[in-house]
Every structure is written in C-alpha cells, then in structure tokens.
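Each remark here refers to the structure printed beneath this line.
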Amino acid sequence: ARPDRGGIKRLLRLHDRLYYFTLGVIKASEGGIHPRHRLTDAHRFFLSHVGPGDRVLDVGSAYGQIAAALAAAAKAVTGLERRPEAVARARAEFTAENLAFEVGDFFDFRPGERYDVIVAANVLEHVRDRQAFLRKCASLADRLLVRVPAVDRDWLVPYRRELGLEWRLHPDHEIEYTQETLRAELEAAGYVVRHSSTSYGAIHGVAEIQRKGQG
C-alpha cells in the first residue's frame with residue numbers, strides 16, 4: 001500500500017528468486033536440461049522445416065538436443081557452441097554419423113561449405129549486433145529458422161517495466177520480441193519472412209534470403 005509500491009516490488013523480487021531457485025532444482029532433476037524441451041515439443045517447429053537433403057548449422061547448440069533431433073531428419077547437422085563443456089557433453093551423448101559439434105564463436109566461424117538451413121534457437125536475444133549476426137547467417141545459408149522470447153508473453157512484463165524492475169527472462173537479453181519487431185529485424189537484414197507464430201511465450205520464424213530471379 002506504500003505510494004512507491006515498495007512492498008509490491010519486494011514481493012516480485014521474492015517471486016523471481018523463488019522461481020529461479022525452483023527452476024534450478026527442476027533442471028538438476030532433469031540432468032541439467034530444461035523440461036520445456038520435453039513438455040512443449042520444442043523441436044517440432046524446427047523439424048517441420050528441415051528436409052532429408054538439408055545440411056543444417058545449429059548456432060548456439062548448447063547441449064545438443066535440437067541438433068540431435070534434426071540429425072534424424074536432415075542430411076547433416078553441425079552444432080556450434082562457445083562453451084567447451086557443453087560441446088563435450090553433446091559429443092558424449094549424441095553420436096549419429098551425420099552429426100558433429102564444434103567449439104567456437106559464430107562471428108569467428110569460417111566453415112568450408114554453405115548450408116541449406118541455419119537454426120538459431122534462443123540465440124538472437126543474446127546478440128548485441130544482431131544485424132551483423134543475421135548478415136553472417138545470410139552468407140552461410142539462404143534459410144533461417146529462429147526462436148526468440150516473446151515480450152508480450154505476460155501482463156507482468158509491462159507491469160515490471162512500469163515499476164522499474166527487471167522484466168526480461170534473463171538479464172543478459174539484449175531484446176525480447178513481438179512478431180512485428182522480429183519481422184523488422186529480419187527484413188532489415190534482407191530476409192523475407194515466410195512464417196511466424198507464437199507458442200509457450202516464444203516466437204518462431206522462418207525466413208529466407210531472396211536471391212535474384214527468385215519469386
């Protein structure tokens with residue numbers, strides 16, 4: 001009831017601490033993997049836009065769950081991840097012949113081939129220079145599949161901003177999206193957005209670089 005809503009702010013901060021503590025316990029019980037991968041069928045979107053002849057680069061592949069799922073549907077999949085410990089775990093757990101994991105930063109990555117599809121699942125929101133990131137994607141593949149957090153996922157997001165509290169899902173997020181802001185960023189980088197949808201607080205998008213002579 002304080003005019004500065006101090007009590008509400010303290011309750012929301014307590015809520016945050018309890019939420020992330022609970023999530024940490026849940027992930028520990030799941031072997032370090034967020035249960036959303038299992039409960040929300042998070043891989044289905046990416047699988048539905050990859051074909052058996054596609055060579056796929058999964059940027060920010062983390063522990064390799066998405067890359068491994070894609071390897072069952074694509075010709076070849078490379079997972080690229082900055083954290084050596086995550087790559088070591090992915091290599092130990094997923095051993096399909098058409099699946100490889102590499103340690104490296106995407107901006108420094110110099111592959112010897114082009115890909116058919118780049119997957120960026122919960123990556124864009126962590127990137128400061130997203131136009132440079134998207135242009136690099138376009139130089140390596142014509143098709144891009146993305147998943148990003150939706151900023152309009154809950155009414156508490158604008159309420160937290162009104163109170164001057166942290167409103168992002170994670171404090172290292174440079175941005176969280178609406179379908180319109182995601183489309184604007186992709187189009188500014190030369191992409192044509194073929195599909196976008198929202199599910200479980202995340203926006204999924206399919207974008208393609210339109211080359212000369214293409215419809």
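The values are calculated or read from the model by the stated rules, or taken from the named source; none is laboratory data. The structure presented is a predicted model; accordingly, all values stated were derived computationally and were not measured. Cβ sites come from the backbone with ideal geometry, for glycine too, and all protein chains shown count toward neighbours. Calculation scope for accessible area: heavy atoms of the full protein, side chains included, ligands and nucleic acids excluded. Shrake-Rupley method; radii C 1.70, N 1.55, O 1.52, S 1.80 Å.
Listing for the model above:
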| quantity | calculated |
| --- | --- |
| Residue satisfying all of: in region 109-132; part of a helix (DSSP H, G or I) and open to solvent by 20 Å² or more (accessible area, probe 1.4 Å); farthest from V151 (Cα to Cα) among these | A132 |
| Region 1-45, subset basic (K, R) and not in a loop (DSSP other than H, G, I, E, B), residue surrounded by the most Cβ atoms within 10 Å (Cβ to Cβ) | K9 |
| Region 46-65, subset under 12 Å from V117 (Cβ atoms) and in a helix (DSSP H, G or I), residue least open to solvent (accessible area, probe 1.4 Å) | F46 |
| Leading residue by the ranking (modelled with the lowest pLDDT) among those in region 1-54 that are among the β-branched types (V, I, T) and closer than 30 Å to E208 by Cα | T40 |
| Breaking point among (1) in contact with a Gly (Cβ under 9 Å, 6 or more places away or on another chain); (2) in a loop (DSSP other than H, G, I, E, B); (3) open to solvent by 70 Å² or more (accessible area, probe 1.4 Å), for R194 | (2) |
| Test: R168 is assigned to a loop (DSSP other than H, G, I, E, B) and either open to solvent by 40 Å² or more (accessible area, probe 1.4 Å) or of a type in the set (S, T, N, Q) (or both) | yes |
| Exclusive hit being open to solvent by less than 50 Å² (accessible area, probe 1.4 Å) and either over 19 Å from L144 (Cβ atoms) or touching a His at 6+ places or on another chain (Cβ under 9 Å) (or both), set F106, F101 | F101 |
| Any hit, region 202-211, residues being over 23 Å from A42 (Cα atoms), loosely packed, with under 14 Cβ neighbours inside 10 Å and either over 17 Å from the mean Cα position of the chain (by Cα) or free of Cβ contacts under 8 Å to residues at least 40 places away in the same chain (or both) | yes |
| The listed residue being among the charged types (D, E, K, R), open to solvent by 70 Å² or more (accessible area, probe 1.4 Å), farther than 30 Å from G53 by Cα and outside any loop (DSSP other than H, G, I, E, B), out of R183, R161, R135 | R161 |
